[in-house]
Amino acid sequence: MSTRLPTFGDMKAQELKGLLLDKRLLGGGVLFAALALYPGLTMNAYHTRLLAWIMCFAIAALGFNIVLGYTGLLSFGHAAFFGTGMYTVVIAMESAGITDLIVLLVLAMLAAGVVGAVIGALSVKTHEIYFALLTLALAQLLYVLAARDVGGLTRGTDGIGLSRPDFLGIPISEAPAHIYLMGFYYHVILVCLFATIAVLWLVLRSPFGLTLKMIRENETRAEMSGVPILRYRLYSMVLSAMIVGLAGALYAVVVGHVTPEYLDWTMSGEIVFMALLGGIGTFLGPIIGASGFIILQEVALGVTTYWHFTMGLVLFVVVLTLREKGIWGGAKALVDDLNERRDDS
Amino acid sequence: ALLQEDFGTDEIDGIPDEPFRIVQMIFESGPPAFYGEEAMNASDMLVDRINDEGGLIGEREIEIVDRLDEDAGPDSLISDVQAMAQEGEVDMLMGIVSSAHSLAVAPAANDQQFPFLVTMPGTYQLFEENPDMEYVVRTAGSNAAGAVGAVRMVEQMDDVETVITIDPDYAWGHDHQEMFEAGLEAVGADVEIVESRYPELGETDYSAHVSAIADAEPDLLFSSLWGGDIATFVSQGVDGGMFEAVDQSLLIGDTGAPLLSSLGGSMPENVWLGGRGGYQPNYRYDEDEAHREFVDEYYERYDQLPGWGAYHEWMGFQALQEGVERAVSIIGDWPTGEQLTAAMNNIAFESPHGQHTMYGPQAAAPAVFGRPTDDHDLPVDHPLLGEFEFIEAAEVNPPEDDPTMDWVDELEPVTG
Amino acid sequence: MSTRETDSTSTTQNASTEPILRTENVRKEFGNLVAVDGVSLEFYDDEIVGIIGPNGAGKTTYTNLISGALSLTDGTIVFDGDDISDLRKYKRVRRGLVRSFQIPQIYDELTVFENVQSSVLSRKQENNRLFSLTHRDTASIEETERLLEMFNLESHADEHTEHLPHGVRKILDVAMSFALRPKLMVLDEPTSGVGSREKNAVMETITDAAVERNIGLIFIEHDMELIRSYSDRIVALHEGRVLDDDDPAAVMNSEAVNQFILEGGV
Amino acid sequence: MPIESLLVNTFNGLYFAALLFFASVGLTLVFGILNLLNMAHAAFYGLGAYVAVWTLNNAGDVTTSTVVLLAMLVLVIPLVVFVLSAVLDKTVFAPLYEIEHVYQLLATFGVILMLDDVIKFIWGASPITVDGATDPSRQLGAIDLMGVSVSAYRSFVILIAVACAVGLYLMFVKTKLGKISQAMSEDYEMVQMLGINVNRVRVLIFSISVAIAALGGALFVPFATATPAVTLEYVLLSFAVIVIGGLGSLKGVVVAALVIGMVRSFGIAYFPALELAIVFGLMALVIIFKPEGLFGDEGVVE
Amino acid sequence: MSHQSLLDVDDLTVSIDRATVLEDVSIRVEAGETVALIGRNGAGKTTTFRSVMGQTSIRNGSIRVNGTDLTDRPSRERIRHGVGFAPEDRRLFTTLSVEDNLRMSTWGKADTDEDGFRERRDRVLEIYPEMEAFLDRPAGQLSGGQQKMVTVGRALTSDPDIVLLDEPFEGLAPSVREQFRDGVTRIKDLGISIVVAESNVRHAAEIADRAYVIERGEIVTEIGRDEPITENEEIERIFEGG
Ligand SMILES: Nc1ncnc2c1ncn2[C@@H]1O[C@H](COP(=O)(O)OP(=O)(O)OP(=O)(O)O)[C@@H](O)[C@H]1O
Ligand SMILES: Nc1ncnc2c1ncn2[C@@H]1O[C@H](COP(=O)(O)OP(=O)(O)OP(=O)(O)O)[C@@H](O)[C@H]1O
Ligand SMILES: CC(C)C[C@H](N)C(=O)O
Ligand SMILES: [Mg+2]
Ligand SMILES: [Mg+2]
């Protein structure tokens, strides 16, 4: 049987050791510690919430970038996965009475993965703008299902409010709001973010990741190297969907109320926006993009009624000047440039 | 418990020096911005008026420190609530147009122990989904009032057997349709809803709906479309001969004067306009001085008559003034946020439709309907409403603590 | 019943003389234009076959039918004993039928090393390994190094391919095909666009590697000198049909070939 | 299904198809020929709507003649937008032609956001409508069409759409411009090297495209309301049209607009519950079964 | 400058991204000449042609045609001043018919009409008779060699004084190569000068009167009219074994 599903390869202890000595890993560790300590040190609930919000979307943007940045597919339907993650959590809590956070997150990832497989299977054959619009249309159909409350699970456009999940049998949900969101849940999101980074870092440097890049760079050649490209595009959709679904699930608890708006195409647009703003050509770009987008919106909203204009202008300028490099890539290029000049003189 | 001690003092100490700072949440962009704009106008006018008299209880001025655009979505709104709670530089949050947003933001504000005066959305689920919100009050009537009011109107109509409903495709529209249908069934009206239509919010072309409705020739058309949507729908309906094909229409979206103004002479006459609250410029215009002042001042200032967005805002500021007064008179001190919201529970104040009564944290508005007529004294050359029908709040709102849908399912027919 | 038995015995007995690729009466129509008109040919894994023919003879179309880039209007293609007429492109590759491209098809944003390594991994069908780092995968790294050496690409190993000289891109393209360890390779004008100096070098590298690895080669070429010096056999196509199929000397002297293809020129 | 309602629904479908045609034909031309995926295209439809309301409402002081008002809608507004877009093409849009589609989409989405707020700045966020006195759709009233009474104004709009389609067809089939456009769609640079002033052709095509969108918005508004939401609604609809029709195909736009118009008109009339799903469902089905759209691989005009 | 050439490329320096691709390249072509630009892959031949056509950003130097300085003029003016171009990678308009491809090149000139076009098309058909058979087919459906013929044909139908042919032999079958060699004589008879870019010395030698040799973006030598190209030292050095 040549049809093999992805295998979990053979990482040796030695490789792990090499990994641990990596300089970037050290940087990541420092950042992790800083983020972990932030709420406790500042006691600033607003910032904590903002960070939680940013981290959820950073996960989503990272997940999205598997499809756009690595496989070269522009999906305009990722709201479907984000929304599925969110709805899975509420529905499982409200209808099935499941309250354990870990179970909920796993369920959400699985559900999003299934939706990703369905949308992916229908769309991987198409290209470019057709792919974008097909994924958009299919996601929009999911939006209609939720908004129309087909199946009687979603309560239509009113959406569903949700209570807080427990953690491994500990009734954390009974803790007061500031302890739950600031103390506990914030750290859950933080851990998920870093786990996502680690897993993706590994996966995208594996033969699997290389295969996705092959498809992005030259489909004809990839196929002529014996790669079943449709199947790998599908894999990348499913993987991406699962991670975006995780982001949605985490986020559902942060907002506390799930509506079909999260399945709408404008939501997909936001995810695309974030990934591109940060730079899809870079691994960490999407994280920067999510932060940039959310902070920009918050600031623009605060200072002007014409915040649409402000965001539009920023988007326009960033896209035109930096393109796939985005903010992060642009900054890196600038640093390189400066170094070069210093070396020259 | 909080308000039990009555200090009964005339001396009030501890009124903070700085103004009472309010942040408003309304649509400044997107399709519902029309509603937000009206609310904003009214709020500017009312704040000026209150401050001219020295402020709340004549002592503390109001300052609108910021307006947040609802179009930014719940994520952003919730974060902003958090920020305000955190920074402690804002005394109260006020506003919200969308029901969906109210359902997301109100619990978050409550969580943050941040007082929130909800002025516009009608979803009956606000307090039913989230009981025990001590920091949230709503001065807007529940949409039950409009829907059940409409049921009562149907009971009085002769020869109504078939009904078509058309409502915007989101919480507001679906809630109305469901309550209306359930209510009709409960009162045993001999009518059938033959079709329910849900165009999208912000739809621009209703001609397919119009011709389908005209074709079906129902006896009654029921709609909770509002804002620009109802204007477009009615105008295209007139064009498609729809109002000749249906006998009666009940248009209960929160719209009022702006609709009549935009349609001018082409407003069909066989419609009832209205819904929750008596928010029509010429309704009890002469009987109620406060109302007359409100309308005149608004007209003078903005060269147009107030619509429902403006009235909702007015009710909000009334409640705030009343609440502060009451709290101060009870505790003899400027109230904390919690005390202020508590003080706004169970109060009543003047409004165009008489007493506007809060059942707990939730206003119970009456339902008022009228028919377009040119016979009015206001200085505009388009029709306003006349032949008003008034249905008391108690008849169109569930008793306190009763779940709305259960109550609607058990409506009794009006006898006589 | 009995026929089948004799068949299978003959297969085992004459394994080496069985053709690796056989096309039977393959035909391709574009609307009412017949580009390939019933071509039946056999190719063996120990020979190098040159295909010649006038412009528009159907050479490219024929090789596209073999690789699966175009679907057959009629006929059968048998590779390594199996009918692959309807097999998907990548499955043909996995069986060892590989083509290279006239315009090099390489991954522009990857390095030369990664380009080759990606093919090695694809051949081993290890595309689906999720949790192991490619830059620590010793097996594929060693194999890649050997290939780079074989094609004299070591000096370019860490360069991105975007700005490589044309000739090097061409070689890289071929190296990537070799990494797939094909049984038969089809090359469409492998030296087109390659300057006169590099032409022979490219052909030499390719044919040497093919002989060393025991790979059958089919290549399309307009340069008769190259055809003469590198092919063991020549197939001449004309208007979609086989005009001649013989050893080089015979084909070059054939009257028909001279009339239709060479026409005085060499 | 009574014959009258069949007629009325067909008429509604045609009218909606006409609007879709106006909103999307330029999008497909700009994409097909200039290779620019201009998400902001629909914003010009919205702009046309606002300019039209403003013009009509201010025209009241001068004239209420139906003919003059219609001429304003059909000629003056597109002309004004034509000139405006020529300027925009040289400034805002010029750098976009060089970049990849993904980035074009995003940058032009930025343009939508900006235009949106410009409209809000000029005309406010509330919906605005044409006054009764200068509303040609009310002035014209109804006409009798095979025993059914339909809006004369809307019939006029349908006729203009047909005229526009025929005009574009002739322009892109019968003239040099058509062949040059086709060539530009494939290889801009090469056309330039053949001595043709591609910049001029580009500005011409861009401005015509945008002017047609504005024309659509102008014609649409007497019968509806100008709101900021119009743009976003038509962004999606016009993309649906050109994808169903096949990117870059003029014939495709006509057919797809008709298909969507009819399906929507009859769909809403007889299966109101499906309204939201109709356009997306159709779009998904077409792309799944015919990934290049109905007429996708045939070039601009065939 | 005392003497005015048909094409005069002077001290041309061009960089792409940050790399200098051409440095001080000077080329002159007189009326009626066939000149070859010979160099290995990547030497800068195509870049030179693209620069003459106005498709690169020129850092230094000038390009004059018939005495008119075109260095900073837009691309499209080349054809009006009599320069035809056949790119290496063909660049046909695949959905247009072969005939329309040929016709297109007359539209850039104000003074060409359909009759003039037909006349020039027929001249092209004399050079490549097999083109007759596929004149009406979309160019995208042609085989590689067929497309190459159209590319050269398109450069000729613009009524040029000089044509730049980038690797015109590439992909042509032997018999067609032969025809093309004859064709070159015909083109010259029409008074059209030719510049060919070649990485194949043999091909260049067969048709050129004289040649420039380019290596790494610089003209390393010039081969005069009476010198046999194949025997030039520089050529031998650069193409040793070729
Ligand atoms: N996609 C297509 N549609 C229609 N006709 C085609 C198509 N592809 C090729 N042809 C025609 O089929 C015939 C064979 O073309 P093919 O490309 O196989 O020739 P070739 O032998 O490779 O020629 P060359 O040496 O010029 O590359 C030609 O007449 C060509 O015009
Ligand atoms: N877009 C580009 N970006 C960077 N470098 C480039 C680009 N285009 C060409 N070059 C470089 O410029 C040099 C000259 O290229 P050019 O195409 O002019 O060579 P050529 O002589 O025509 O070669 P060939 O025989 O392969 O066609 C090469 O080294 C090439 O790598
Ligand atoms: C009528 C409007 C003000 C909106 C309505 N209150 C809602 O529920 O969204
Ligand atoms: Mg070929
Ligand atoms: Mg070249």
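The values are calculated or read from the model by the stated rules, or taken from the named source; none is laboratory data. Just so it is clear, the model here is predicted, and its values are computed rather than measured. Methodologically, a virtual Cβ is constructed for each residue, glycine included, from the backbone with ideal geometry; neighbour enumeration extends over all protein chains shown. Please note that ligands, DNA and RNA were not included when accessible areas were found on the heavy atoms of the full protein model with its side chains. Shrake-Rupley method; radii C 1.70, N 1.55, O 1.52, S 1.80 Å.
Are there any helices (runs of 4 or more DSSP H) wholly within segment B:228-275 with 1 or more residues that are touching a residue at least 40 places away in the same chain (Cβ under 8 Å) and under 24 Å from the mean Cα position of the chain (by Cα), and if so which? Can you show your working first?
On the way: elements: B:228-239, B:242-245, B:257-263.
Those helices (runs of 4 or more DSSP H) span B:228-239, B:257-263.
Evaluated against (1) open to solvent by 20 Å² or more (accessible area, probe 1.4 Å); (2) within 10 Å of another protein chain (Cβ to nearest Cβ); (3) away from ligand 2 (no atom under 11 Å from the Cβ); (4) not aliphatic (A, V, I, L, M), E:ASN41 falls short on exactly one condition, (3). Apart from one condition, D:VAL53 fits all of (1) part of a helix (DSSP H, G or I); (2) more than 17 Å from D:VAL230 (Cβ to Cβ); the exception is (2). For segment E:179-191, filtered to residues that are of a type outside the set (Gly, Ala, Ser) and open to solvent by 10 Å² or more (accessible area, probe 1.4 Å), the residue that is nearest to ligand 2 (Cβ to nearest atom) is E:ARG181.
Between C:SER119, C:SER140, which is facing another protein chain (nearest Cβ under 7 Å), in a helix (DSSP H, G or I) and out of contact with any strand residue (DSSP E or B) (no Cβ under 6 Å at 6 or more places or on another chain)? Before the answer, list the steps.
Working: C:SER140 fails: facing another protein chain (nearest Cβ under 7 Å).
Answer to the selection: C:SER119.
Tell me the residue from B:GLY228, B:GLY188, B:GLY277 that is within 10 Å of chain D (Cβ to nearest Cβ) and either open to solvent by 10 Å² or more (accessible area, probe 1.4 Å) or touching a helix residue (DSSP H, G or I) at 6+ places or on another chain (Cβ under 8 Å) (or both), please. Only one candidate qualifies: B:GLY228.
Can you name the residue in segment C:209-266 that is of a type in the set (D, E, K, R) and under 24 Å from C:ARG181 (Cα atoms) and, of all such residues, is nearest to ligand 2 (Cβ to nearest atom)?
Quick first cut of segment C:209-266, residues of a type in the set (D, E, K, R) only: C:212-213, C:221, C:223, C:225, C:228, C:232-233, C:239, C:241, C:244-247, C:255, C:263.
Retained after the next criterion (residues that are under 24 Å from C:ARG181 (Cα atoms)): C:212-213, C:221, C:232-233.
Details: C:GLU212: 28, C:ARG213: 28, C:GLU221: 18, C:ASP232: 30, C:ARG233: 31 Å.
That would be C:GLU221.
Answer with yes or no whether C:ARG213 is more than 30 Å from E:GLY39 (Cα to Cα) and either touching a residue at least 12 places away in the same chain (Cβ under 8 Å) or buried (at least 19 other Cβ atoms within 10 Å of the Cβ) (or both). Reasoning before the result, please.
Values: more than 30 Å from E:GLY39 (Cα to Cα): yes; either touching a residue at least 12 places away in the same chain (Cβ under 8 Å) or buried (at least 19 other Cβ atoms within 10 Å of the Cβ) (or both): yes.
Spelling it out, C:ARG213 is indeed more than 30 Å from E:GLY39 (Cα to Cα) and either touching a residue at least 12 places away in the same chain (Cβ under 8 Å) or buried (at least 19 other Cβ atoms within 10 Å of the Cβ) (or both).
Can we say D:VAL25 is within 27 Å of D:ILE278 (Cα to Cα), in contact with an Asp or Glu (Cβ under 9 Å, 6 or more places away or on another chain), among the β-branched types (Val, Ile, Thr) and in a helix (DSSP H, G or I)? Criteria not met by D:VAL25.
Here is the figure for segment D:97-135: residues that are crowded, with 19+ Cβ neighbours inside 10 Å and in contact with a Phe, Trp or Tyr (Cβ under 6 Å, 6 or more places away or on another chain) total 7.
Please work out if C:ARG94 is in a helix (DSSP H, G or I), at the interface with chain A (Cβ under 7 Å from one of its Cβ atoms) and either of a type in the set (Lys, Arg) or within 16 Å of ligand 4 (Cβ to nearest atom) (or both). Before the answer, list the steps.
Numbers: in a helix (DSSP H, G or I): yes; at the interface with chain A (Cβ under 7 Å from one of its Cβ atoms): yes; either of a type in the set (Lys, Arg) or within 16 Å of ligand 4 (Cβ to nearest atom) (or both): yes.
Here the answer is yes, as C:ARG94 does meet what is asked.
For segment E:128-166, which residues satisfy the criterion of being away from ligand 4 (no atom under 15 Å from the Cβ) and open to solvent by 10 Å² or more (accessible area, probe 1.4 Å)?
Of segment E:128-166, the ones away from ligand 4 (no atom under 15 Å from the Cβ) are E:128-129, E:131-133, E:135-138, E:152-166.
The answer is E:PRO129, E:GLU132, E:ALA133, E:LEU135, E:ASP136, E:ARG137, E:PRO138, E:LEU156, E:ASP159, E:ASP161.
Looking only at segment A:144-169, which residues are among the hydroxyl-bearing types (Ser, Thr, Tyr), assigned to a loop (DSSP other than H, G, I, E, B) and open to solvent by less than 50 Å² (accessible area, probe 1.4 Å)?
As a first pass, look at segment A:144-169 and keep what is among the hydroxyl-bearing types (Ser, Thr, Tyr): A:154, A:157, A:163.
Now drop any that are not assigned to a loop (DSSP other than H, G, I, E, B), which leaves A:154, A:163.
A:THR154, the sole residue that qualifies.
For beta carbons closer than 6 Å, sequence separation of 6+ or different chains, a first residue in segment A:150-167 that is at the interface with another protein chain (Cβ under 9 Å from one of its Cβ atoms) and a second that is of a type in the set (S, T, N, Q), the qualifying pairs are A:GLY159/A:THR259. Out of E:THR68, E:THR47, E:THR20, one residue alone is in contact with a Leu (Cβ under 6 Å, 6 or more places away or on another chain) and open to solvent by 10 Å² or more (accessible area, probe 1.4 Å). It is E:THR47. Checking every residue in segment C:47-60 against the condition of being more than 16 Å from ligand 2 (Cβ to nearest atom), more than 7 Å from every other protein chain (Cβ to nearest Cβ), buried (at least 22 other Cβ atoms within 10 Å of the Cβ) and part of a helix (DSSP H, G or I) gives at least one match. Here D:ALA59 passes the criteria (1) within 14 Å of chain A (Cβ to nearest Cβ); (2) buried (at least 16 other Cβ atoms within 10 Å of the Cβ) except the one numbered (1). Scanning segment A:115-135 for residues that are crowded, with 24+ Cβ neighbours inside 10 Å, under 21 Å from D:PHE295 (Cα atoms) and more than 7 Å from every other protein chain (Cβ to nearest Cβ) turns up A:SER123, A:ALA132, A:THR135.
Residue-wise test of (1) in a helix (DSSP H, G or I); (2) facing another protein chain (nearest Cβ under 10 Å); (3) within 16 Å of ligand 1 (Cβ to nearest atom).
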| position | (1), (2), (3) |
| --- | --- |
| C:VAL174 | yes, no, no |
| C:ARG181 | no, no, no |
| C:ASN200 | yes, yes, no |
| C:ALA209 | yes, no, no |
| C:ILE218 | no, no, yes |
| C:ALA236 | no, no, yes |
| C:LEU243 | no, no, yes |
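In segment E:84-127, what count of residues is obtained for those that are open to solvent by less than 10 Å² (accessible area, probe 1.4 Å) and touching a Ser or Thr at 6+ places or on another chain (Cβ under 8 Å)? Of the residues in that region, 9 qualify. Of all the criteria given as (1) open to solvent by 60 Å² or more (accessible area, probe 1.4 Å); (2) modelled with pLDDT of 95 or more, the one not satisfied by B:ARG326 is (2).
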